[in-house]
Amino acid sequence: MTAIGTGGTGGSGMSAEGGTQSAGIDRRAFVARLLAACPEALVVTGLGSPSYDAFAAGDRERTFYLWGAMGGATPLALGLALAQPSRPVLVVTGDGEALMGMGGLATVAAQQPANLTIVVLDNGHFGETGMQRSHTSLGTRLAEVARACGIARADEIRSIDEVDALARRIAAREGPAFAQVFIRSEEVPRALPPRDGAYLKTRFRQALGLPPM
């Protein structure tokens with residue numbers, strides 16, 4: 001197991017047959033604990049289950065839920081991190097969304113925002129389209145991809161007990177950082193956040209003390 005902050009590779013999360021292991025972290029418990037430990041973070045969630053997880057943990061004005069733009073969570077959060085350098089910015093997304101926008105990792109590495117942390121909840125499946133196996137079930141190791149892009153702090157997380165160290169790093173703004181969190185592939189009940197994009201944008205800006213647009 002990779003200790004948080006070591007940058008080691010750890011295991012691949014795959015069985016000998018090529019599928020993800022059935023064991024993994026409870027996604028809802030992990031997200032709830034992480035967000036509770038990072039009350040000051042500005043949060044951007046990838047579309048689908050990560051947004052449901054964040055909403056299930058408690059709706060917050062400083063959370064921006066994506067309802068579309070597959071692959072856009074990290075680029076959006078990068079712009080936010082550059083615009084708000086004194087605030088920790090946290091991306092919570094899934095392996096499918098991260099795979100769609102891997103080019104964003106290279107741009108994060110080029111910009112090196114110290115206040116940005118990307119957390120990928122990896123169940124090895126595309127949860128929104130029928131639980132087809134994703135590339136992380138077929139050999140792609142996202143933490144290694146992040147390191148290859150130039151994000152030095154890229155870890156694989158296999159225990160919920162590692163969440164506290166991750167939260168401390170987020171608060172300290174010691175990024176850019178990347179965490180691939182191996183979660184169970186079971187489906188959980190959907191908890192749907194607000195879908196009105198204009199409303200979400202306006203309340204997020206107001207939470208930052210900015211005038212509505």
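What follows is calculated from the coordinates using simple rules that are stated; it is not laboratory data. Model, not experiment: these values are computed from the prediction. Cβ placement follows ideal geometry from the backbone for every residue including glycine, while neighbour counts extend to all protein chains displayed.
Brief remarks follow.
- FRET efficiency, 1/(1 + (r/R0)^6) with R0 45 Å, evaluated for GLU186 and GLU61 via beta carbons: 0.90
- Shape of region 27-207, Cα gyration tensor, a/c cut at 1.5: rounded
- Formal net charge of residues neighbouring GLN206 (Cβ-Cβ distance under 14 Å; K, R +1; D, E -1): +4
- Extended-chain gain in nm, criterion 0.36 nm per residue less alpha-carbon gap, GLN84 and GLN112: 8.7 nm
- Over region 17-95: Rg over Rh, Cα atoms, Kirkwood Rh: 1.01
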